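Enquirer: This is the structure I have questions about; it appears just below.
The values are calculated or read from the model by the stated rules, or taken from the named source; none is laboratory data. Being a predicted model, the structure only gives us computed values, none of them experimental. Here the Cβ positions follow ideal geometry from the backbone for every residue, glycine too, while neighbour counts run over all protein chains shown.
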Amino acid sequence: MIALEGAEHGVTPMELLALLARDAPARDAALAIRAAIDGHRRRESDLAALVEIARDLASLADPGGVLDTIVRRAAPCSARTSRT
């Protein structure tokens, strides 16, 4: 949940919601910003997972172990991709 910082400027959360309900362009902009933030969080999570995988693979000396790790790590990614 995003903290509302407008309260320090005299705007309450209820006033903000009322404004968004009345003002379609503001509402659309707020929804677009929220979607962009969600997308950035998803990409950040995916990149963190890739870094973790790269570290795991770099620590393995056995080619068979590398392939096993790739397959094991790819299964959850492929399941998540097929749902979106």
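Enquirer: Run down Ala75, Ala18, Ala24 and say which single residue is out of contact with any helix residue (DSSP H, G or I) (no Cβ under 6 Å at 6 or more places or on another chain) and either at pLDDT below 85 or at positive phi (or both).
Expert: Unique residue meeting the criteria: Ala75.
Enquirer: Pick from the stretch 47-71 the residues that are surrounded by 12 or more Cβ atoms within 10 Å (Cβ to Cβ) and of a type in the set (Asp, Glu): which of them is nearest to Leu20 (Cα to Cα)?
Expert: Asp56
Enquirer: Let me ask something additional. Give the residues of the stretch 51-77 that are in contact with a Ser or Thr (Cβ under 8 Å, 6 or more places away or on another chain) and not in a helix (DSSP H, G or I), sorted by residue number. Give the derivation first.
Expert: Initial filter on the stretch 51-77 (in contact with a Ser or Thr (Cβ under 8 Å, 6 or more places away or on another chain)): 53, 56-57, 60.
Within the stretch 51-77, just Leu60 meets the criteria.
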